Structure formats: structure tokens, C-alpha cells
Amino acid sequence: MAKRQITFIHIVCALVIIIALGTIYYLDGNKVLETDKDLIYKDPKTITDPEEGIRYYELLQEAYKNDTYGGSTPEETLELFKKALEKGDIELAAKYFVIEKQKKILSDLKAGEPNGILKSLSSDLSRVDNGYPSGDNRYVFQTFDKDGVQEFSFELVLNPSSERWKIESL
């Protein structure tokens, strides 16, 4: 019997293979999406794969284009950040930082919340000076103790894609 017949077993095997391949494709696609979502929070110095580096900058550029958090002035951004801290909205507070640092800042704020760090930081923000430009699209605020010694420095940068000021460092 040289003629082959397609049996029920053959059909079941083909369906199992198709479903398995579809599942792998789906899961791999979701893995890429998950990786892309976290990629913008990665330290670019640790990226060694050129394709990943290109993808990192494409995602970051897109994220900055769509970013709506921050003020139109450095002072406004600092005030929005302070108000978010006072309300205890650390998710919102973290969004006033440059995008690539938001995940780390959120983690730091959550860790410091039980220790009263948010109130302390809010208090420090109430004592900032008028600030000054520090190069193109950069601005610095400082706090000083009663003896005039600098305690903290807050650096902000302008997101040129959205014209919003973002906190770069505290």
C-alpha cells in the first residue's frame, strides 16, 4: 500500500504543531514587548548589543516625545514634584524625573516612604533658592543650611521634544 492516507492522527499532530508554534511566537512577541518596556530604564553604558542600543534610543526618543509630565519652567516642575510628595503620590512624583531614571526613583521613594524621607524631601524643596541656568537647557536649584553651607542640589533639564522640564538629579 504505497498510497498514504491522511488519518485522524496526522491531523491531530499537525494541529498540535501549529498550536505549539503559535504559542511560541506569541510568547516570544510578548517577551520582546516586555523587554522593550523595561529597556528605557536600563543604564545605556551596560548595553553591548548594537541593535539593543539602537532600540534603546528609539524607545527613549519616543517616550520623551509622548511625555507630558513636568512644568513649562524649572520652578513649576519643582513645585509639581513637591505637591506630589506632599500628597504622598510617589508614582506621580517619579514622573517628574527624566524618563530613564523614573523606575529607580520610584523604587527609592517607596523605600524611603516609611522612614519619613518624603516629608524631609518636601521640606528641603521649600527652602530652595531661586536657582540659576547651568548651560543649555539645564537649571540648578540649591538649599543651604543656616550657616550658608550648601546642603542639596536639584538639577533639571528641558525635554526638547515636549518643552517640559524634568528633574535629572537630587
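The values are calculated or read from the model by the stated rules, or taken from the named source; none is laboratory data. Please read all numbers here as calculations on a predicted model, not as lab measurements. Ligands, DNA and RNA are stripped out before the accessible areas are found, and what is left, the full protein with its side chains, is counted by its heavy atoms. Shrake-Rupley method; radii C 1.70, N 1.55, O 1.52, S 1.80 Å.
Each residue of the range 70-78 was assigned a 3J(HN,Hα) from its phi angle through the Karplus expression (A = 6.51, B = -1.76, C = 1.60, θ = phi - 60°), giving x, x, 7, 10, x, 4, 5, 4, 4 Hz with x at Gly and Pro. So how many Lys-Lys pairs in the range 41-170 land under 14 Å Cα to Cα, not counting same-chain pairs under 8 apart? So the count of such lysine pairs works out to 18. Given a 1.4 Å probe and the protein chains as shown, F144 ends up with an accessible area of around 80 Å². What the range 49-170 shows is 57 Å² of accessible area per residue, with the surface traced by a 1.4 Å probe over protein heavy atoms.
The slack in the chain from N130 to N66, taken as 0.36 nm per residue of separation less the alpha-carbon distance, amounts to 20.1 nm.
Take the Cα atoms of the range 64-170, build their convex hull, and give its volume per residue in Å³. Please report the intermediate quantities before stating the final value.
Values: hull volume 9.9 nm³, N = 107.
Considering the Cα atoms of the range 64-170, their hull volume per residue is 92 Å³.
Taken over the range 115-170, the alpha-carbon convex hull comes to 96 cubic angstrom per residue. For the range 98-103, backbone phi angles converted through the Karplus equation (6.51, -1.76, 1.60; θ = phi - 60°) give residue-by-residue couplings of 4, 4, 5, 10, 4, 5 Hz, Gly and Pro being listed as x.
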